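Encoded as structure tokens, the structure appears first; notes follow it.
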Amino acid sequence: MKKFDFSINGNKYHVHIKDIDDNIASVEVNGTPYSVELEQEVRKVKTPKLVRQEVKPKPGEGHIVKKPSTGDHQVLAPLPGSIFKMLTKVGDEVKKGDTLLIMEAMKMENNVMADKDGTVKEVKVKEGDSVLQSDVLIVLE
């Protein structure tokens, strides 16, 4: 806890106060442990001790359930922002690298491009929508 160096009548003492529990202090003087009773008023701790019950997992909790793949490809938001302009609609054919929409994030316009070739199956957002990172924007077949 705390370490002190004392010099009394020319003798050097290295005192290490390890723990204070109520009015009993555990100290070590020059490597020798002592239990010392304090005669001063014991301060009460104002902070209550938090005692929590053990959390028991619910049945099935913590198990990853694998979802079957539908063969569709999801285009996700690269970062949080808002949809500035939609450039595609359902049924449009897109090639890898085509710009699907423009989103505004951090006061900049960012192009969201197709990762692969496909047809736009579903559009999950519209102009003006706010999105978070990894939100699904468009689903490609």
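The values are calculated or read from the model by the stated rules, or taken from the named source; none is laboratory data. Bear in mind that the values here come from a model prediction, so they are computed numbers and not experimental data. Don't worry about glycine lacking a Cβ; one is built from the backbone with ideal geometry, like all the others, and counts go over all protein chains shown.
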Checklist outcome for this item: Scanning the stretch 20-29 residue by residue, the ones that are within 16 Å of residue 40 (Cα to Cα) and in contact (Cβ under 8 Å) with a residue 12 or more places away in the chain total 5
Checklist entry - Restricting attention to the stretch 5-31, which residues are outside any strand (DSSP E or B) and either on the phi < 0 side of the Ramachandran plot or at pLDDT 85 or above (or both)? => result 9, 10, 23, 30, 31
Next on the checklist: For the stretch 1-60, give me the residue count where each residue is hydroxyl-bearing (Ser, Thr, Tyr) and touching a Lys or Arg at 6+ places or on another chain (Cβ under 6 Å).
Outcome noted: 1
